[in-house]
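To start, the structure under review is shown below, and the notes come after it.
Values quoted throughout were computed directly from the atomic coordinates according to the rules given, and no laboratory measurement underlies them. Everything quoted here is computed from the prediction, not taken from an experiment. All Cβ positions, glycine included, derive from the backbone under ideal geometry; neighbour counts span all protein chains shown.
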Amino acid sequence: NAGVTQTPKFQVLKTGQSMTLQCAQDMNHNSMYWYRQDPGMGLRLIYYSASEGTTDKGEVPNGYNVSRLNKREFSLRLESAAPSQTSVYFCASSLTGIHPQHFGDGTRLSIL
Amino acid sequence: SQQGEEDPQALSIQEGENATMNCSYKTSINNLQWYRQNSGRGLVHLILIRSNEREKHSGRLRVTLDTSKKSSSLLITASRAADTASYFCATDGDGSSNTGKLIFGQGTTLQVKP
C-alpha cells in the first residue's frame, strides 16, 4: 500500500516563481491536510479539506492556495514563492476529522 | 500559535531505560494524539487518547491525560535504539469541532544509545 504519496520530494525555486505540490492518497480517506514544518518546530496547518469539494484555511494560509481535485488528490500551490516559504511540506489524510492522520514523507522546498 | 508545549526538548538515554515526555496544552480538547517522526520521514501516528480517558496503553507505550492540568505524558518502556526519533503531541484545538485541525507541539527529540 502506497498510503500518502507526495511529489516532488525536493525542489529549489527562485523568489517569485510558482509551483504546485502534489499529494495523493489511496486509503479512500475523506479528509486531507497540508502542513509545513520549519527547523525545530512542530507542524503548522496551512489548509485542509474535510471532504471532497471543500477546503478551508488553517493556521498559516497566506501565500498558498489549494485544490481538492477529487477524493484522492489535494494539491498545494505557491503562486509567487518567497524565501519565508522555505520549509518541509507534509500532506496528510484521515478517514474523517476525528481519526488519526496518515502522513506522506514530505517535500523539501528551498526558495532562493 | 502552537497549542502544545513539550518537555524536555531533547532526551538521551541508554537502551533498556524508560523515556518520559510531557506535553501541555492551552484550550479544551476532544482528544490528544502522539506521533513519531524518524529523521527525514513523515509523522507516524502512535496513540490517541480521548478527553474522557485518563490512561491508555499500546505495546511499550503508555499515555496519560490530565485535563484538569491540561497535560499529557508519553512513556516508552524498555527503550530500543529504533525508538530514536522525534515525538510530537497534537490536540484538536478548541474542542468544539471534528474537522481534524490539529495543533502540534514543538516535539521532543529522543536519542536511545545502544
A:TYR33 being crowded, with 22+ Cβ neighbours inside 10 Å, of a type in the set (Ser, Thr, Tyr) and either closer than 21 Å to B:TRP34 by Cβ or free of Cβ contacts under 8 Å to residues at least 40 places away in the same chain (or both):
yes
Please determine, by comparing only the residues of region A:45-60 that are without any contact (Cβ under 8 Å) to a residue 24 or more places away in the chain and surrounded by 13 or more Cβ atoms within 10 Å (Cβ to Cβ), which one is farthest from the other protein chains (Cβ to nearest Cβ).
A:GLU52
So which residues in region A:27-44 are touching a Gly at 6+ places or on another chain (Cβ under 9 Å), closer than 18 Å to A:LYS9 by Cβ and more than 10 Å from chain B (Cβ to nearest Cβ)?
A:TRP34
Taking region A:79-112 as the region of interest, how many residues are part of a helix (DSSP H, G or I) and within 17 Å of A:TYR33 (Cβ to Cβ)?
0
Any chance region A:3-19 includes a residue that's free of Cβ contacts under 8 Å to residues at least 60 places away in the same chain and in contact with a Leu (Cβ under 8 Å, 6 or more places away or on another chain)?
no
Please name all residue pairs, on different chains or six or more residues apart, with Cβ atoms under 6 Å, provided the first residue is in region A:89-112 and is closer than 18 Å to A:THR20 by Cα and the second residue is of a type in the set (Lys, Arg) and surrounded by fewer than 22 Cβ atoms within 10 Å (Cβ to Cβ).
A:ASP105/B:ARG41; A:LEU112/A:LYS14
Find the residue count for region B:39-57, including only residues that are crowded, with 16+ Cβ neighbours inside 10 Å and part of a loop (DSSP other than H, G, I, E, B).
1
